[in-house]
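One structure is given here, and the rest of the page talks about it.
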Amino acid sequence: SMRARAVSSLATVFSRRPVSRTVNAPTTSTRTPQHPKPVRHFRRSVTTTMAAATMADDGLCGEVFFLDEFASRQWDDPSYGGTRIAGFDKGEFVRRVHEAHVAGAALVDGYAPFCKHVFVPNFIPGTKVGSVPITRENEKHLRSGYSSRSDAELPVLTRWFPHDKVDIPYATFLDVILYSREQLIKERSAMESKQERPPLPDAPWGIISIKGQLENFECPMTPITMMRNTLIGEGGSGVEIDRAAYAKAVAYHKAHAPVVAAGSPNGE
């Protein structure tokens, strides 16, 4: 049947290097008896399954990871504020992340049970870091303005460096940030403008962001991102602020600013 062929297509992606499910599935800490997995409330149609299979055929979905549309901005949006990816195939990126995970790159806990990180050596030629330190020499080039990450979100005040005004080092590591599929469905359900978007594939972890950096550990998210995360109906994740983590984020972003190639950013 058409459904069987779609499911079969998903199952065979990256079959050359199968992944152990004991390490790759989201941990039980992402689920609680009081909050069952949101996916159980959705009935998958033949159309939904076919769309997921198409994504797998395009190489954007494997057994463990898929490339979420939120991360696709880093390829497609010239105004993206942070690490831009150019000249590297999206499907090849997903395949390389799978390979790194099979080779031992672990899922590292993030700020909430549904968030994980995979830290890998930078394998994308020409990719630079997404933010740089603010110095007395370059602070005169800082710009500020209001921007939003998508049409579904409200603009917020941000600041940035024009890319041609500062020295930007090449990234030595990539921080591949993941959200569980259940969390992405939950966030879509909370915003009416996101409910008509194409269905998500069946892989358990969505790649939502890639940060080029010099460190092989997580750098603090921006304070405004932490603020937004408290408001799931405005594009956040529904997580309350951790004041200690917020203080670390303020200290870090007082001294750093993202780099933007366009005249102004579309969020970060």
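The values are calculated or read from the model by the stated rules, or taken from the named source; none is laboratory data. Bear in mind the structure is a predicted one, so any value in this text is a computation, not a measurement. Here the Cβ positions follow ideal geometry from the backbone for every residue, glycine too, while neighbour counts run over all protein chains shown. Note: areas computed on protein heavy atoms with side chains; ligands, DNA, RNA excluded. Shrake-Rupley method; radii C 1.70, N 1.55, O 1.52, S 1.80 Å.
Some points to look at:
- Rounded accessible area of L154 (nearest 10 Å², 1.4 Å probe): 110
- If you model segment 139-268 as an ellipsoid using its alpha carbon gyration tensor, with each semi-axis the square root of five times an eigenvalue, the axes come out at 26, 17, 16 Å, biggest first.
- Sorting H253, H163 on solvent-accessible area from highest to lowest, probe radius 1.4 Å, gives H163, H253.
- A 1.4 Å probe run over the protein chains yields, for segment 73-223, 47 Å² of accessible area per residue, whole-number rounding.
- Cα-Cα pairs of segment 166-239 separated by more than 18 Å (percent): 53
- Loop-located GluC sites (Glu not before Pro) in segment 136-183 (DSSP state other than H, G, I, E, B) with a sparse environment of at most 11 neighbouring Cβ atoms within 10 Å: E137.
- A Förster radius of 30 Å, combined with the Cβ-Cβ distance separating R243 from E137, puts the computed FRET efficiency at roughly 0.35.
- Distance from the Cα centroid of segment 105-171 to that of segment 237-268 is 8 Å (rounded to whole angstrom).
- Computed lengthening from L154 to F217, 0.36 nm per intervening residue step minus Cα-Cα distance: 19.7 nm
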